[in-house]
Amino acid sequence: MNQPAGSGAPTVGVVVPTHDRPQLLRETLAAVLGQELDPAEAAGLDVVVVYDRAAPDRSLEAMSRPGRRVRVLVNERSPGLAGARNTGILALDTDWVAFCDDDDTWLPGKLRAQLARARQHPGAPLVTTAVCVRFEDQEVPRLAGVDEVTSEQLTRSRMSMLHSSTLLLRRSALLGPLGLVDEGIPGSQNEDWDMLLRAAALAPIPHVDEPLVRVLWGRSSHFARQWRTRVESLTWMLQRHPAIAADRVGAARVYGQLAFGHAALGQRRDAARWAARALRRRVAEPRAFLALTVATRLVPADTVMAVLHRRGRGV
């Protein structure tokens, strides 16, 4: 989408990867297309829906409207979320690229607030917002409590409110110093945390601490019960980002998650080993105790996850 002649407003592209959630996808697209933007704020939207291992629905292109184009593509890169995102990035020619998963919903004012924040920080490669987590019939806002996110904060905590569906990225950074989404991450899990860490290494991340994206947790998520992939992805993150293991709190957190993942898989010995490592780094690490509870079969992993999700939390 080329910028109109004489316009100083940036162009914005939106990448929506999808697999097999047609109704949720249409709700996602309606919210994206419904974003209110003054022509001085953004010179239109170019939305690309990228089908990954699923037959594309070309009828979605009929949702286009003046200044807001919808295109349907097929993932041409490695199967999975990371490849689908990169397919969309490379199909766009906009100044900015935003991500939105096909089961999440942008709330009114999301893009406007981010673009305003971006104008205040012209060197930042990306801008984030907070989220509202929806699980079953409950909604819980998750705020960061800051207006700028640093590498140290992301090393210590995943900061799950900085969800992939909140990311607004400069396309020039994606094609330059920041780089594309890493397609080598197992199952494309934690690809957003990896992206955030890489971005924060370039410059602190401007953040809009308002819950401007509704994130749906629960059975709709394709990652809901993929414990083996979670374990592999976290191991990959430790190898790719040594600063996590070097931080006492950050290491305890990830070790506790690995313990919980192994416990959910029924691998009691591995769960105990990782829980012990977590407690050696931080004696009060709650994930280690949750893992041991699951490993000893006192409570099923899914029950623990459901309780946490109702509070807008994960392991």
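The values are calculated or read from the model by the stated rules, or taken from the named source; none is laboratory data. Worth saying up front: this structure is predicted, and the values here are computed from it rather than measured. All Cβ positions, even for glycine, are placed from backbone atoms using ideal geometry, and neighbour counts span all protein chains on display.
Tell me, which helices (runs of 4 or more DSSP H) lie completely within the range 254-315 with 3 or more residues that are of a type in the set (Gly, Ala, Ser)? Can you show your working first?
On the way: elements: 268-281, 286-295, 301-310.
By residue number, 268-281, 286-295.
Name the residue, out of Leu73, Leu60, that is at pLDDT 95 or above, surrounded by fewer than 20 Cβ atoms within 10 Å (Cβ to Cβ) and not in a loop (DSSP other than H, G, I, E, B).
Leu73
Only one residue in Ala291, Ala306, Ala271, Ala301 is within 27 Å of the chain's Cα centre (by Cα), under 16 Å from Thr235 (Cα atoms) and either assigned by TED's automatic domain parsing to the domain that holds Ala251 or surrounded by 21 or more Cβ atoms within 10 Å (Cβ to Cβ) (or both). Which one? Before you say what the answer is, go through the steps one by one.
Numbers: Ala291 fails: under 16 Å from Thr235 (Cα atoms); Ala306 fails: under 16 Å from Thr235 (Cα atoms); Ala301 fails: under 16 Å from Thr235 (Cα atoms).
None of the other options fit; the residue is Ala271.
Is it the case that Val231 is surrounded by 14 or more Cβ atoms within 10 Å (Cβ to Cβ), more than 23 Å from Leu154 (Cβ to Cβ) and free of Cβ contacts under 8 Å to residues at least 40 places away in the same chain? Can you show your working first?
Details: surrounded by 14 or more Cβ atoms within 10 Å (Cβ to Cβ): yes; more than 23 Å from Leu154 (Cβ to Cβ): no; free of Cβ contacts under 8 Å to residues at least 40 places away in the same chain: yes.
So Val231 fails the test.
Consider only pairs whose beta carbons are under 8 Å apart and that are at least six residues apart or on different chains; among these, list those whose first residue lies in the range 151-175 and is in the same structural domain as Ala245 (by TED's automatic domain parsing) and whose second residue is modelled with pLDDT under 95.
Hits for this filter: zero, empty list.
Take the residues in the range 36-57 that are in a loop (DSSP other than H, G, I, E, B) and buried (at least 20 other Cβ atoms within 10 Å of the Cβ); name whichever of them is modelled with the highest pLDDT. Break it down into steps so the answer makes sense when it comes.
Looking only at the range 36-57, we keep the residues that are in a loop (DSSP other than H, G, I, E, B), and these are 36-44, 52-57.
If we keep only those that are buried (at least 20 other Cβ atoms within 10 Å of the Cβ) as well, we get 42-44, 52.
Numbers: Ala42: 89, Ala43: 87, Gly44: 89, Asp52: 96.
Top of the filtered list is Asp52.
Please find, within the range 3-35, the residue that is nearest to Val97 (Cα to Cα) out of those that are at pLDDT 95 or above, part of a helix (DSSP H, G or I) and over 19 Å from the mean Cα position of the chain (by Cα).
Leu33
Residue check: is Ala245 surrounded by fewer than 24 Cβ atoms within 10 Å (Cβ to Cβ), in a helix (DSSP H, G or I) and not assigned by TED's automatic domain parsing to the domain that holds Ser151?
On the way: surrounded by fewer than 24 Cβ atoms within 10 Å (Cβ to Cβ): yes; in a helix (DSSP H, G or I): yes; not assigned by TED's automatic domain parsing to the domain that holds Ser151: yes.
It is true that Ala245 is surrounded by fewer than 24 Cβ atoms within 10 Å (Cβ to Cβ), in a helix (DSSP H, G or I) and not assigned by TED's automatic domain parsing to the domain that holds Ser151.
Among the candidates Ala84, Ala130, Ala98, single out the residue that is surrounded by 21 or more Cβ atoms within 10 Å (Cβ to Cβ), touching a Ser or Thr at 6+ places or on another chain (Cβ under 9 Å) and farther than 21 Å from Gly13 by Cβ.
Numbers: Ala84 fails: farther than 21 Å from Gly13 by Cβ; Ala98 fails: farther than 21 Å from Gly13 by Cβ.
Checking each option against the conditions leaves just Ala130.
For the range 159-215, which residues satisfy the criterion of being surrounded by 22 or more Cβ atoms within 10 Å (Cβ to Cβ), in contact with a Gly (Cβ under 7 Å, 6 or more places away or on another chain), farther than 17 Å from Thr87 by Cβ and of a type outside the set (A, V, I, L, M)?
Result: no residue meets the conditions.
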